[in-house]
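Only one structure is covered here, and it is reproduced in the block below.
What follows is calculated from the coordinates using simple rules that are stated; it is not laboratory data. These numbers come from a predicted model, not from an experiment. Every residue, glycine as well, gets a Cβ built from its backbone with ideal geometry; the counts of neighbours run over all protein chains shown.
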Amino acid sequence: MRYPALPSRRGPLLALFLLLSLFMTACSTIPPAAREALAPQGTMRAAINFGNPILANKDASGQPVGVSVDLARELASRLGVKLELVTFTAAGQVVEALKADQVDVAFVAIDPLRGQDVRYSAAYVVIEGAYLVRQDSPLQRNEEVDRPGQRIAVGKGSAYDLYLSREIKQATLERAPTSPAVVDYFVANQLEVAAGVKQQLEADARRVPGLRLLPGRFMVINQAMGTPRVRNEAGVAYLRDFVEEMKASGFVAQALQRHKIEGAAVAPAER
């Protein structure tokens, strides 16, 4: 008497074996010095900045989501290490954490002053900086802002703060604790101008009556991945290659679309 054959488990087991083999092969191609630089403790600590809504937000359950979160997860997966998301409310806090070697990778705007403490990849997204004023403000163009008597609210330590600190000659800067607090600070202190991420200012203009954005932009921010300068060069070299691949493959563009981000574009490939 012949009994029916038992279902073979070789197919699923073979598939699992192939996946594990691919994973081990991918991990083995990463220079050990790069993994040591980006995850020296065996876990990659990625700084996530909630102060920039283009990069990161919280979902309904309070968990971090966004383009920077997606990139952090993909990088940790390729390195074959665990991921720890370390959250902040302002870019200045992220830079201080990098300087103190408290995080391994971060998502920050490229700025020459920050470059003293941070090793950068090329930019992965480009973000517009804009000005916001009251409806009855006489200001109509970005070029009119830098005049005597104009007080500009800006997030302390943000890319806008660093840029305007160099560029503004006649107006004065007043610093809110964080970028998301800029408009409320601007309103509470009856200032003339608020500066920040265009998308954030547009949301604030819908939230607070009687405000408008000046047309166009006053700066473009190149948002990059970074690692502490004290780490070895192999880490940032791998980070640079990773960012270029994420742009070329469409990963960044898909992340922007998936998270319904406006006001940002995929940065061009590094030459």
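Points worth noting:
- Cross-link reach is defined here as a Cα-Cα straight distance under 12 Å, omitting same-chain residues fewer than 8 places apart; for Lys99 the aspartates and glutamates meeting it are Asp117.
- Classified by the C-alpha gyration tensor, the stretch 73-132 has a prolate form. Its axis ratio a/c, with a ≥ b ≥ c, is 1.5 or above, and a/b is larger than b/c.
- When shorter helices are ignored and each DSSP H run of at least 4 residues is given -39500 (n - 2.57), the per-residue value for the chain at 222 nm works out to -11000 deg cm²/dmol.
- The loop-placed trypsin sites (Lys or Arg not before Pro) in the stretch 141-220, going by DSSP, that have at most 11 neighbouring Cβ atoms within 10 Å of their Cβ come out as Arg141, Lys169.
- Given R0 = 25 Å, the distance between the Cβ atoms of Asp117 and Lys82 translates into a calculated FRET efficiency of 0.50.
- Span from the the stretch 129-151 Cα centroid across to the the stretch 31-63 one, whole angstrom: 36 Å
- Taking other C-beta atoms within 10 Å as the exposure proxy, Asp204, Asp59 rank Asp59, Asp204 from fewest upward.
- Shown for the chain are the DSSP H helices of 15 Å or more along their axis, judged by Cα atoms, with a mean Kyte-Doolittle hydropathy of at least 1.0: 10-28.
- Remark on the chain: Rg and Dmax equal 22.4, 100 Å (Cα only).
- Between Arg207 and Asp241, the simple label model (points 7 Å from Cα in the Cβ direction) yields a spacing of 4.2 nm.
- Unsatisfied cross-links (Cα-Cα over 21 Å) in the set Lys156/Lys198; Lys156/Lys260; Lys156/Lys247: Lys156/Lys260; Lys156/Lys247
- Coordinate range along principal axes, alpha carbons of the stretch 128-219, Å, largest first: 31, 27, 25
- Cα-derived Rg to Rh of the stretch 140-186, Kirkwood definition: 0.96
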